[in-house]
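The values are calculated or read from the model by the stated rules, or taken from the named source; none is laboratory data. Everything quoted here is computed from the prediction, not taken from an experiment. Cβ placement follows ideal geometry from the backbone for every residue including glycine, while neighbour counts extend to all protein chains displayed. We work out accessible area using only protein heavy atoms, side chains counted, and drop any ligands, DNA or RNA first. Shrake-Rupley method; radii C 1.70, N 1.55, O 1.52, S 1.80 Å.
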Amino acid sequence: MYNPFTLQGKTILVTGASSGIGRAVAIECSRLGANLIITGRDERRLKATFEDLDDYKHQMILADLRVNDNIDRLVKSLPCLDGVVHCAGIADPLPFKFVTQQKLEDILKINFISPTLITREIVKKNLLSKNASIVFISSISGVFCSSVGGSMYSASKGAINGLTKGIAIDLATKGIRVNSVCPGMIETNIFEDGRVSKDQLTEDVKRYPLKRYGKPEEVAFAAIYLLSDASVWVTGSNLLIDGGYTLL
Ligand SMILES: NC(=O)c1ccc[n+]([C@@H]2O[C@H](COP(=O)([O-])OP(=O)(O)OC[C@H]3O[C@@H](n4cnc5c(N)ncnc54)[C@H](OP(=O)(O)O)[C@@H]3O)[C@@H](O)[C@H]2O)c1
């Protein structure tokens, strides 16, 4: 059947695959025929994703991406890749006056430095096939807007978008494409720690022209477009997917 978005036979690494957007990316990619290498920290949740993948050749690697040795071990276990989707991330909203160097380093480490180092190592070790595609899950925050207490998170996501454009230029000669996806609010566990109240979320959702938050699969479909050969002439882009939020 004609399908320009197929991922049949492609091998794709997904970080943050134990939850939310990463889990949806892994599952939807497997439905389109990809072989997945999924990584996360929580063994039980990562295994749950692994068990929900469609039946191809998949691999699961536990790694805490705050730890450089774990990053090295992860990269050493990788085969040749056709795609990478960097989904691992944390939010940690905090009023600016309470920002500390440690907190800033923690959020930058997961959201910006780890995906940068993983990508650099994969490139250095020539683990990317010709026409491979790298996708960073960024955000509307730090790129199109921000939110109360969102300074550290916005900084980390703004950095990812800049990184995307820079690497896209460096890798274009090899035919490797690099893009980011910038979602608005998506229904995942990321704000489940109670610091953003249910009432705040109920008010916030009203500001979306499409009157709801996004679903993890809807971000996965954007990532799939960027991983597939349908987007073979797309590089350095920051794909907005936000239910119209940034229109207003
Ligand atoms: N949800 C939203 O509204 C939204 C909007 C825009 C952008 N995003 C971005 O989308 C990405 C995924 O977020 P989500 O909403 O799916 O969040 P989530 O459900 O909380 O999932 C976060 C994922 O990141 C992994 N992770 C966190 N710290 C890690 C570490 N130190 N080492 C390895 N993995 C780690 C988690 O693994 P474990 O569970 O195994 O620890 C989990 O798989 C993030 O980059 C986030 O910034 C989310």
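Quick notes on this structure:
- All of 154, 147, 114 fail the test of being at pLDDT below 95 and within 13 Å of the ligand (Cβ to nearest atom), apart from 147.
- Taking every residue in segment 207-232 that is open to solvent by 70 Å² or more (accessible area, probe 1.4 Å) and pairing it with any residue that is in a helix (DSSP H, G or I), at least 6 positions away or on another chain, the pairs with Cβ-Cβ distances below 7 Å are 207/245; 212/205; 221/28; 225/231.
- Of all residues making up segment 77-93, the number that are farther than 18 Å from residue 157 by Cα and either open to solvent by 60 Å² or more (accessible area, probe 1.4 Å) or under 19 Å from the mean Cα position of the chain (by Cα) (or both): 5
- Within segment 8-23, tally of residues that are open to solvent by less than 10 Å² (accessible area, probe 1.4 Å), out of contact with any Ser or Thr (no Cβ under 6 Å at 6 or more places or on another chain) and within 14 Å of the ligand (Cβ to nearest atom): 3
- The residue of segment 94-111 that is farthest from the ligand (Cβ to nearest atom), among those that are surrounded by 16 or more Cβ atoms within 10 Å (Cβ to Cβ) and not in a helix (DSSP H, G or I), is 99.
- Qualifying position, being under 20 Å from residue 216 (Cα atoms) and either open to solvent by less than 60 Å² (accessible area, probe 1.4 Å) or part of a loop (DSSP other than H, G, I, E, B) (or both), among 53, 74: 53
- Of all positions in segment 183-206, at least one carries a residue that is touching a strand residue (DSSP E or B) at 6+ places or on another chain (Cβ under 6 Å), open to solvent by less than 70 Å² (accessible area, probe 1.4 Å) and under 24 Å from residue 32 (Cα atoms).
- When we screen 149, 142 for residues that are within 17 Å of the chain's Cα centre (by Cα) and at positive phi, the only hit is 142.
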